[in-house]
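Since the structure comes first, as structure tokens, the remarks are kept for the end.
The values are calculated or read from the model by the stated rules, or taken from the named source; none is laboratory data. These figures come from a predicted structure and were not determined experimentally. No Cβ is skipped: glycine too gets one built from the backbone with ideal geometry, and neighbour counts run over all protein chains shown.
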Amino acid sequence: MVLNDTLSNAMSVILNAERTTKSDCSVYPSSKLIQNVLSILTDNHFVGEVRQEDDGKGGVGLLKVNLLGKINKCGTIRPRYSVTLDDYEKFEKRYLPARDFGILVVSTSKGLMTHKEAKQKGLGGRLLIYCY
């Protein structure tokens, strides 16, 4: 199995499990980026607990994600657009269905955060995912 974009694969696994009303799903392979994105989704109450489990193969582990049934749509943003403080509204209109509904996850110089936090801190960055 060849995976070109592990973050995109993780988001599609979560979305497919949500659509089939499963209570949890397994994300494989895991990375620090995926773990950080899932912790942001947990903080914003889109997913429940995220546990790391050993897959028995050594190396890259398996993430068990507890689903809450609160995700309508999520996905990665490709290409990973560079965004400045003035551009957030344009991308909110493009990827989110309504004002103050959903989040964009941004990779900034201060780490991963939602677009709302980045706006408050006055930071730009690269768009990674959207979720609502």
Exercise for the section: Looking only at the stretch 105-124, decide whether some residue is surrounded by fewer than 17 Cβ atoms within 10 Å (Cβ to Cβ) and closer than 24 Å to Thr20 by Cβ. Expected result: no
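Considering only the stretch 10-20, how many residues are in contact (Cβ under 8 Å) with a residue 12 or more places away in the chain and either under 20 Å from Leu33 (Cα atoms) or surrounded by fewer than 11 Cβ atoms within 10 Å (Cβ to Cβ) (or both)?
As a first pass, look at the stretch 10-20 and keep what is in contact (Cβ under 8 Å) with a residue 12 or more places away in the chain: 10-15, 17-18.
So of that shortlist, the ones also either under 20 Å from Leu33 (Cα atoms) or surrounded by fewer than 11 Cβ atoms within 10 Å (Cβ to Cβ) (or both) come out as 10-15.
Result for the stretch 10-20: 6.
Scan Val50, Val37 and give me the residue that is within 20 Å of Leu3 (Cβ to Cβ), at pLDDT 95 or above and within 12 Å of the chain's Cα centre (by Cα).
The conditions single out Val37.
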